[in-house]
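The values are calculated or read from the model by the stated rules, or taken from the named source; none is laboratory data. Quick caveat, the model's predicted, so the values are computed rather than measured. For neighbour counting, all protein chains shown are included, and Cβ atoms are generated from backbone atoms with ideal geometry for every residue, glycine included. The accessibility values were calculated without ligands, DNA or RNA, using every heavy atom of the protein model including side chains. Shrake-Rupley method; radii C 1.70, N 1.55, O 1.52, S 1.80 Å.
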Amino acid sequence: MYREILPESYLLILTGSYFTEAQTLQRALRRAGGSGKPNIWLDCSELHHPPTAVIELLGQFCVQMQRRGIQLILCHLEEDFQQAVQQLPTASQPLMLGTLLDAALYCRNLHPRPLHSVA
């Protein structure tokens, strides 16, 4: 796992089979949720064929974070992974975007920074 704390987001890059276990992923998501960032991005490019428990955990975590005003964003999903997430109830589906750049643009538009006037 690789993590990066960005100005408005917490990025988790899920690598290898490490995140195929729901318990390990849950700890990482809890840590991200406690970071104080309004957005949590998950780069799922290395996560192939996640088990049902992982998909369900992402749905549960999405609902928990929404209650706290935190947006969960999944990026770089394979087609079967994306379809599995879309099978979750609509209210528990994390936002799915193509790339981390898409996530950055989405979050920038969601939380625009104030312009500073030059005197």
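Numbers at a glance
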item	result
Close pairs (6 angstrom Cβ cut-off, 6 or more residues apart or separate chains): surrounded by 11 or more Cβ atoms within 10 Å (Cβ to Cβ) in the stretch 76-92, at pLDDT 95 or above and assigned to a helix (DSSP H, G or I) anywhere	88/59; 92/59; 92/62; 92/63
Qualifying positions in the stretch 43-52 - surrounded by 14 or more Cβ atoms within 10 Å (Cβ to Cβ) and free of Cβ contacts under 8 Å to residues at least 40 places away in the same chain	44, 45, 46, 47, 50
Which listed residue, of 27, 68, is free of Cβ contacts under 8 Å to residues at least 24 places away in the same chain, open to solvent by 10 Å² or more (accessible area, probe 1.4 Å), out of contact with any Asp or Glu (no Cβ under 8 Å at 6 or more places or on another chain) and not aromatic (Phe, Trp, Tyr)	27
